[in-house]
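Undergrad: Submitted below is the structure of interest, expressed as structure tokens.
The values are calculated or read from the model by the stated rules, or taken from the named source; none is laboratory data. Since we're looking at a predicted model, the values are computed, not measured. Note: ideal-geometry Cβ built from the backbone for every residue, glycine included; neighbour counts use all protein chains shown.
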């Protein structure tokens, strides 16, 4: 048996560990375009800020690959899949065969068509290589415009600000953190950042990146007509699934590579996991791309086990984002911006002076989403109610949730035992 994994992110680590739970001897080959072993992508902002070095960015110890009998090919690009022959083609023409294949190619940075975006002084911020490139030039930067006020953009902005750079954040939506959080949470975060000295421009976007005659960035012209001086621009709008290989090979794709509950694609013996996969989401009852770290690992682990002969279903993960800004903790879990008119009930609590915000989203006697800002101590308990679909049939239970007093003691006993035993087996 030969397992071949394309990509070397957290999904690949999960797949290797899933395979080795059941098959300790068969060959595992990992092919990655990146030059580094697997690292923690959420850590690259801390790396750029100078808070951690190379020794703390890696996901596993240096001997992880050798201990797990993994052959790792870095800086190698797979250019085509020969599904009928069970082979992949590498740049340069070399081919590798496989018995089981996992596509874990992740996402690629999204770059809108902004005039002047091609050339020097424009950066992305989704890989360690991006962070290292910015780090190498940071001493020469005085003003930077970050295009994108989502999670990636704000962490890039924070990292640069910590290095003494004046940062302007440009966001098309009416608020920062528009996708993962709601208006109130985004406004609390924006207020904190503005007080610290960040410049934030919402309801507008970059019309053109202006350059000098020598081709260097000198600023960004916004659609609002305002001009922001800058030495560099970071485009951090987000990522889109890297579907090129799958599309060209004829696999079924939508927004991501379509997979079944075993995480197998439309082709037998070919699996997909992580940001590239469109897998089952139990909250909405259908497949969708949920590009978050915990889901990527669990999809990798389960696909790895199934590649090695198991028969496990991926039951879906919860959209969950946790991020802090200068002592202000924020967490969003599940459906936090539900559509109107579909029976959702929303409960909120706000203390603007203390920067505390809590939003709970209910539907049909279940908690389906929550946003916590400032006071996040109960996030794990709220996540349990959402993840395990604990029925909320008593008014006192709902009142405890609304009053920030969730407790496992109010779970139905049979559900508590079943779900926690299941969780223990997954771990």
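Undergrad: Inspect all residues belonging to segment 31-54 and state whether any of them is at pLDDT 90 or above and in a strand (DSSP E or B).
TA: yes
Undergrad: Shifting gears a bit: For segment 4-30, give me the residue count where each residue is within 25 Å of the chain's Cα centre (by Cα) and part of a loop (DSSP other than H, G, I, E, B).
TA: 3
Undergrad: Hey, another quick one. Whether any residue in segment 408-419 is surrounded by 18 or more Cβ atoms within 10 Å (Cβ to Cβ), modelled with pLDDT under 85 and assigned to a loop (DSSP other than H, G, I, E, B) is what I want to check.
TA: Yes - at least one qualifying residue is present in segment 408-419.
Undergrad: Restricting segment 193-209 to residues that are farther than 25 Å from residue 135 by Cβ and in contact (Cβ under 8 Å) with a residue 12 or more places away in the chain, which is surrounded by the fewest Cβ atoms within 10 Å (Cβ to Cβ)?
TA: Filtering segment 193-209 for residues that are farther than 25 Å from residue 135 by Cβ and in contact (Cβ under 8 Å) with a residue 12 or more places away in the chain, the one surrounded by the fewest Cβ atoms within 10 Å (Cβ to Cβ) comes out as 203.
Undergrad: Turning to a different aspect of this structure: Can you confirm whether segment 79-90 contains a residue that is farther than 30 Å from residue 309 by Cβ and either part of a loop (DSSP other than H, G, I, E, B) or not assigned by TED's automatic domain parsing to the domain that holds residue 244 (or both)?
TA: Within segment 79-90, not a single residue is farther than 30 Å from residue 309 by Cβ and either part of a loop (DSSP other than H, G, I, E, B) or not assigned by TED's automatic domain parsing to the domain that holds residue 244 (or both).
Undergrad: Next up: Residue by residue through segment 268-289, note down the ones that are over 30 Å from residue 363 (Cα atoms) and surrounded by fewer than 19 Cβ atoms within 10 Å (Cβ to Cβ).
TA: 268, 269
Undergrad: I'd like the full set of residues that are part of a loop (DSSP other than H, G, I, E, B) and either buried (at least 18 other Cβ atoms within 10 Å of the Cβ) or at pLDDT below 90 (or both), limited to segment 97-116.
TA: Those that are part of a loop (DSSP other than H, G, I, E, B) and either buried (at least 18 other Cβ atoms within 10 Å of the Cβ) or at pLDDT below 90 (or both): 98, 104, 105, 106, 110, 111, 112, 113, 114, 116.
Undergrad: Here is a follow-up. Which one of 233, 220, 170, 189 is under 27 Å from residue 108 (Cβ atoms), out of contact with any helix residue (DSSP H, G or I) (no Cβ under 6 Å at 6 or more places or on another chain), buried (at least 20 other Cβ atoms within 10 Å of the Cβ) and free of Cβ contacts under 8 Å to residues at least 60 places away in the same chain?
TA: Result of the check over 233, 220, 170, 189: 170.
Undergrad: Additional query: Mind counting the residues in segment 299-340 that are surrounded by 18 or more Cβ atoms within 10 Å (Cβ to Cβ) and farther than 26 Å from residue 376 by Cβ?
TA: Residues meeting the conditions: 10.
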